[in-house]
Amino acid sequence: MKSFGILFCLVSTVVLSAVSARANVYATDIKLNGSLYTITNAGSAPVTISYRLNQPATLGVTVAIWQGSNQVATINGGTNMGLNSVVWGGTNNLGANVTSGTYSVTITAGASDVSGGTGNWTQISIDTNAGNYAFDPNGMAVDNNTNSPYYGRVMMGCSFANGAAKNPISKQVIQDGIYKMNADGSLADEGGFGYGGYTRDDAGYTAIGEMPPNSHFVPWRLRIGDDDRIYMLDLSDEGAIVAFDMQVTTNQVVIDDGGADGGGLSGPHNYAQNPDFGDLQFGIGNFDVSSTTTSNAAVWLCDGDVTGNWGIWMYHLVNGQSDTNDIGTQAVTTGGDLSQGSTGGCMIDAHLDIFCGQSETTTNAVYDAMVFTNWSHGVLPGISGGSSFTDGASPGQVEWGFGCGVNAVCTTNPTFEAVQDVVINSRTSPTIVACPMTAGIESTNGIRLLNAVNGAIIQSNIDFGQQYTCAAWDNVGNLYGASPSRKVWRVWSPPGPSTNTTMAVAQLVVTIQFAITGITAVPTSAGCANVTIHFSAVGSPPASAFTLVSSPALNGTFSPVAGAVITGSAGFYQATFSNCSTSFYKMEQSP
């Protein structure tokens, strides 16, 4: 006999774990045998590992199999933008079968400088993808939770579905709700549209099979919390914050106005007792959520009024909704550096630095974008029920502000005004602030990038001449923006080469179903012997469940061995047969 080959089975369970490094090309939507989750019985077949790249990996892709910190196998992967796959046969780099245990999968992708050395931010998305179409987009977010199977997923809100507009590429009718895409612009596997059962909005409007389009303000802004939920602003009335799961199948009202105008949601989690409630006219124009998986979970409500005094208020969250005992703590008031209101958005980092903007197109606003640092000394205060811990009441409290400035000649800056939101590229260590802009009758200004530390211009007006209502960042440093004038959402990569490693959420648990415990051969004549193979098997199946098969070639056709007798029980067995030729053998088990 030349050799014996014994097959093993792969069984997979889910372990939530992921890592990543800052770059711009990266893998997402990683699946094992087509699943983001558990493979209940992979059998003896090899494992197919699929993934999506957000741009071509011009410097290559490496798929690695790990057992703990030990890398046991590497495979060269596909480098195309979009869907790629490789097959792992359960062997190490030497071709030997791996042992039983838990294995993880990482995918490392690299790309050369897509800017061609120009130093510019460069578009890497494809406008003609069906998933990149954007009709009346007013909210955008990317899932940056590396422990999520939806890591890298892009969410975009359509605020006004007129019942007639169609996606010119897919020909699908546009609906009012949240669109779900992968990082490469393809639609989510379960479908590219969701409304989460949210068919009655804060103003009392209703719809069937979509969110109510009547007000043109649902959905408005979007955020994704570290609890892996989508948070949406419903601006049909004073403003309500609503949370959805990542497939947008369910909804939960986080906070609303308490039905103050006799319509809408009328929930117990509301801000109707806020001492400045009467200052709201247009309503809550922007918002943010922070630390949603901790006891410091909070929702931040940012004024959409140009002349009100609401400013920015913080509410504690308990079990995903605002604390019913909390009437709010004012973080920033209007009248000083925030001269008009936080109409241009707000976003809060892990140190309680408050980045905010004003969307004015006149000379009245002191700053169009600014940051108040170290609010409440970086420690979220408890329920105070008042207006303590405020900034902004007096000029000069900002760390930096970009705009007219209190010490500058206040003239209209037509290339930086009508800021719609301010979004930072990291909650823990922000370095860049993106400001999408629409400037109405004055100009259409694209997206400006500012230094998060000092407010200096990093990139002046990406896609100048176009309106951008919302923007977001992924976890590897790419910028996303949605344009109602272009009717697309786009992605830009920073200059320079890049690399990034993503770990699959699902892990493989390999269980060796068969193990050879001994082989004996007793010669009977020249070139012949009586052979006994001793083996063990998991689960103690009966001996009749096994069949010994053989083939004269390793990759040939295997057939049952004539005269083979298999006996044994309780997990330990022996196969006895007579052999007079050079063959390869495998043990097979019936289902």
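The distance linking region 120-158 with region 415-466 is 18 Å (Cα centroid to Cα centroid, whole angstrom). Protection proxy ranking of 372-382, 136-146, 46-56, by the mean of other Cβ atoms within 10 Å over each peptide's residues and highest first, is 136-146, 46-56, 372-382. Rounded, prolate or oblate: which fits region 114-167, taking a ≥ b ≥ c as square roots of the Cα gyration tensor eigenvalues, rounded meaning a/c under 1.5, else prolate when a/b beats b/c? In terms of gyration-tensor shape, oblate. For region 81-95, 3J(HN,Hα) computed residue by residue from phi via the Karplus equation (6.51, -1.76, 1.60; θ = phi - 60°) reads 4, x, 7, 9, 8, 9, 10, 10, x, x, 10, 8, 5, 8, x Hz, glycine and proline entered as x. Close amide H partners of Ser159, meaning residues 5 or more places away or on another chain with modelled amide H under 5 Å apart, are Asn138.
Residue by residue, what Karplus-based ³J(HN,Hα) values in Hz, rounded to whole numbers, does region 565-571 have, using 6.51, -1.76 and 1.60 with θ = phi - 60° and x for Gly and Pro? Each residue's phi maps through the Karplus curve to give 10, 10, 10, x, 6, 6, x Hz. The distance between label points at Leu94 and Ser569 comes to 3.9 nm (points 7 Å beyond Cα on the Cα→Cβ vector). Under 5 Å from the amide H of Ser125 lie the amide H atoms of Val491, each residue being 5 or more positions distant or on a separate chain, with H modelled from the backbone and absent for Pro and chain starts.
With +1 assigned to the C-beta of every Lys and Arg and -1 to the C-beta of every Asp and Glu, and no other charges, what is the dipole magnitude of region 416-498 about the Cα centre in debye, to the nearest 20? I would put it at about 160 debye.
Please list the equivalent ellipsoid semi-axes of region 515-589, computed as the square roots of five times the alpha-carbon gyration tensor eigenvalues, in descending order and whole angstrom.
In descending order, the three semi-axes are 21, 15, 10 Å.
Cross-link partners of Lys586 among lysines, defined as those whose alpha carbon lies under 17 angstrom from its own and excluding same-chain residues fewer than eight positions apart: Lys2. The order of the peptides 396-403, 502-509 by mean Cβ neighbours within 10 Å, most packed first, is 502-509, 396-403.
Cβ-Cβ distance of Ala562 and Thr511, R₀ of 30 Å, FRET efficiency by 1/(1 + (r/R0)^6): the value works out to about 0.45. If you add up the charges near Asn309, with Lys and Arg at +1 and Asp and Glu at -1, over every other residue whose beta carbon is less than 9 angstrom from its beta carbon, what do you get? Residues near Asn309 contribute -4 overall.
Taking K and R as +1 and D and E as -1, what net charge do the other residues with C-beta under 14 Å from the C-beta of Arg448 add up to? That sum, taken over residues with Cβ under 14 Å, equals -4. In order along region 486-501, the phi-based Karplus estimate (6.51 cos²θ - 1.76 cosθ + 1.60, θ = phi - 60°) of 3J(HN,Hα) comes to 7, 6, 9, 10, 10, 10, 10, 9, x, x, x, x, 8, 8, 7, 10 Hz; Gly and Pro are listed as x. Highest mean packing comes first when the peptides 109-117, 520-528, 150-158 are listed by Cβ atoms within 10 Å, giving 150-158, 109-117, 520-528. All other residues whose Cβ lies under 12 angstrom from that of Asn120 are scored, Lys and Arg at +1 and Asp and Glu at -1, for a net of -2. What the Cα convex hull of the chain gives, in volume per residue, is 175 Å³.
Every number here is computed from the coordinates shown, using simple stated rules; none is lab data. Predicted model only: the values in this text are computed from it and were never measured. Note that we place each Cβ from the backbone using ideal geometry, even for glycine, and neighbour counts take in every protein chain shown.
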